[in-house]
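*Asks:* Structure incoming, see below.
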Amino acid sequence: MASHSDLAASFSHLLPRHSHAELTPAEIAETRIDPYDEATKYAKAAVIAIAASIALYGICNHIASFAYRRAVAFYRYVETSQPKALGWIRFPTSGAVFVIVMFWLFILIWSLAVWPYYRSRWNVGSPPLAIRTGMFALGCFPFIFAFGAKWNIVGFIVGCSHEKLQVFHQWLSHLFLILSLLHTFPFVYLGMKEIRPNTDGLNPDHLSQIAWSWHIGKVYYWSGTAALIPLAWLCWASYTPIRNWSYEFFKYTHIISAILFSAFFYIHCNALLTSWHYIWATAAIYLTSFVVRFGLMIVRNGRHLARGRVEALADNAIRVTIRLPRDSGHGWTAGQHYFVNFCKVRPFESHPYTIANAPRNDPSSTAASDRLVFVFRVNPTRGLGPRLLSLAASSSPTTPVLLDGPYGGLTAANRDFGRHDALILLAGGSGMTFCTAILEEICGRVLREEPGVKVKKIEVWWTVRNESAKSWFDEQMSRAVEHMPEGFVTFRLFVTGQDGKGDSSLADEKLDKEDSPNPGSSVDQLTSSSSLVPWTIEHARPHLPTLLHQRFASTATGSTLGIASCGPPSFTTDVRRAVAAKHKQLAFSSNAEGLAEVELHTEEFDW
């Protein structure tokens, strides 16, 4: 294997980008303004800024539960409030937007505020604007991979899982593209503006400097262009419409494009200044994540893969039950998710599913095995759906499963919902899997009288297209609450379909797309008699902000409320905005009456 010095030596004839030979004294003085050899400071500045932001966010996230009430409320207001979407462009929470905007401004203002942008002649030196932006992009490069990895070292620092960091992976990648274009255009502009001299007789056609560089095949130019093409695809093909059109197409082209870009980017950097140091750092970060992730998969799954039993449910839903030995390497907490590979169905695909049950944490249990339960909707006409439905209908509805995880769950700032006086669990469609696991865990802790558990009331609010969806979790929720005091858990089911009937194969998506009704609209309230769970059924689309504000107003003075929400993007946005309004009131109001604290954790169907 070639060493670093061997690789550098192989490009040695390309390294001298510019020479001071034949420069006038004025031109030599010009090169000392924002000199090329000191451009490494821009990459270092990008690294320091991102690392400092990660550290600051981690500190805030870990100490939030110990800080002063108003300070916590203000932090949560910034963290949970969310700007409205612009069409299919969805923004992250205001806290994430603030961090992203400040970093973009920091990089772009510094890039554009320093003069000069260009040298007076091509041979005087590379355009300073191009070098600055290129080095800033280089400093961002390791963090793009760090934020995008599933086994994520940044997540350990800030106390959240990989899916919560995807927004920074995406927006940092777009900044990288912008910086790459700002790195490219000065070379193109200056190179097209100046004709290469023909003093050596090699340019009889009087080509421009940029055309001459392409003519002789200079590595910087062809490799830079080759890197820009997959980079643009990586950014633009990640937009929601393309991901929703075909996630598998997006996934495979994303991986291929990332490999191509990294290879061309490595060639383009050509060991100039300290550029390869950042590429080696990126490789170390990503390979560490890759090795640890797949190492844990091997250890946890063992030599014999667990088998999952596939069962078809109402409304094109699937339940997969996996029996695990109590001494298996798999351990999880309520609210986490796995990437599941159904080896018999599609062996080269893994899909993320939230675990629908809490683990058995009762020390007195003598069961020889634990179980994982996944419940999710499928499209019966394409993708994984037809094969899973066919397997469920077969005489042997089982398949080996390869489990990657667990990931996610409650973050460092809200790991213990049991400390609140009351809980509200909100779900849209198949997002009920997350809430069911939380319900099981809290009820079990209350029954075991664990220290620190103060919950006296749990409310479950579930929005579905068809009433028949309630059968998905009937037995599971009935078992969870059967020993609880009467009224400890209440259940509300909001049915948005016409009289609870009709096609619901796209229920989760429709929940996201349909508008909320007037909050004053009438509802038909019924009590379900055909269910093991005492649902109060309302045939109307809930206006979540109104319902939550009413709930906040009815809470006893000094009490605390925990809210867990999982559903389509617009569903969680409504919840965030309602809770953020309450956080704002708690942070700035001097009125000590009413709710003392509200804590929110959200999950979404995608990221």
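*Asks:* What's the exposure ranking of PHE488, PHE417, going from fewest to most Cβ atoms within 10 Å? Could the numbers behind the result be given before it?
*Replies:* Working: PHE488 15, PHE417 23.
So the ranking, lowest neighbour count to highest, is PHE488, PHE417.
*Asks:* Let me ask another. Would you list, by chain and number, the lysines whose Cα falls below 19 Å from the Cα of LYS193, excluding same-chain residues fewer than 8 positions away?
*Replies:* Of all the lysines, those that pass the test against LYS193 - Cα under 19 Å, at least 8 places apart if same chain - are LYS218.
*Asks:* Now a separate question. Please return the longest range in the chain lying between exposed loop sites, taking GluC sites (Glu not before Pro), DSSP loop only, at most 12 other beta-carbon atoms within 10 Å, and leaving the sites out. Each step should come with its number before you reach the end.
*Replies:* Working: sites that count: GLU22, GLU449, GLU482, GLU486, GLU514, GLU593.
Excluding the exposed sites themselves, the longest stretch runs over 23-448.
*Asks:* Testing the spin-label approximation: label points 7 Å from Cα along Cα→Cβ at THR24 and LYS456. State their distance in nm.
*Replies:* 8.6 nm
*Asks:* Calculated from DSSP H runs of 4 or more alone, at -39500 (n - 2.57) each and per residue, what is the 222 nm mean residue ellipticity of the chain, nearest 500? Intermediate values should be presented prior to the final figure.
*Replies:* Values: 19 runs with 280 residues, N = 607.
Taken over the chain, the calculation gives -15000 deg cm²/dmol.
*Asks:* Given R₀ = 25 Å, FRET efficiency for ALA71-THR557 by Cβ-Cβ distance, to 0.05?
*Replies:* 0.75
*Asks:* Under a point spin-label approximation (7 Å from Cα along Cα-to-Cβ), what is the LEU105-ALA281 distance to one decimal in nm?
*Replies:* 2.5 nm
*Asks:* List every residue whose amide H lies under 5 Å from the amide H of GLU597, counting only residues 5 or more places away in sequence or on a different chain, with H placed 1.01 Å from N in the peptide plane.
*Replies:* Correct list: LEU561.
*Asks:* Pick the calculated volume of the Cα convex hull per residue in Å³ for this structure from (i) 271; (ii) 190; (iii) 242?
*Replies:* (ii)
*Asks:* Among SER213, SER471, SER126, which comes first, then next, by fewest other beta-carbon atoms within 10 Å?
*Replies:* Details: SER213 19, SER471 16, SER126 22.
By the 10 Å Cβ count, ascending: SER471, SER213, SER126.
*Asks:* Within the chain, which whole H helices from DSSP have a Cα span along their axis of at least 18 Å and a mean Kyte-Doolittle hydropathy of 0.0 or more, if any?
*Replies:* Numbers: long enough: 40-63 (35 Å, 1.11); 94-113 (27 Å, 2.38); 128-148 (30 Å, 1.47); 162-193 (46 Å, 0.59); 219-236 (26 Å, 1.07); 247-269 (32 Å, 0.95); 275-301 (39 Å, 0.86); 432-447 (22 Å, 1.19); 569-588 (28 Å, -0.29).
Answer set is 40-63, 94-113, 128-148, 162-193, 219-236, 247-269, 275-301, 432-447.
*Asks:* In addition: Of all chymotrypsin sites (Phe, Trp or Tyr not before Pro) in the range 120-189, which ones are in loop regions per DSSP and have a Cβ with at most 10 other Cβ atoms within 10 Å?
*Replies:* Working: sites: TRP122, PHE136, PHE143, PHE145, PHE147, TRP151, PHE156, PHE168, TRP171, PHE176, PHE187, TYR189; in loops: TRP151.
Loop-located and lightly packed - none at all.
*Asks:* Suppose each label sits 7 Å from its Cα in the direction of the beta carbon; what would the ILE255-SER390 distance come out to in nanometres?
*Replies:* Output for this residue pair reads 2.3 nm.
*Asks:* Let me ask something additional. Using the number of other C-beta atoms within 10 angstrom as an exposure proxy, rank SER395, SER559 with the fewest first.
*Replies:* Numbers: SER395 4, SER559 17.
The most exposed by this proxy come first: SER395, SER559.
*Asks:* Show the residues, 5+ positions off or on another chain, whose built amide H is closer than 5 Å to the amide H of ARG371.
*Replies:* LEU324, ARG360
*Asks:* Give me the lysines in straight-line cross-link reach of LYS164: C-alpha distance below 26 Å, same-chain residues under 8 apart excluded.
*Replies:* LYS44, LYS84, LYS150, LYS251, LYS510, LYS513, LYS582, LYS584
A short reminder: the numbers here are calculations on the coordinates, not readings from a lab. On a predicted model such as this, the values are computed, not experimentally measured, just so you know. Cβ coordinates were reconstructed from backbone atoms using ideal geometry, including for glycine residues, and neighbour counts include every protein chain displayed.
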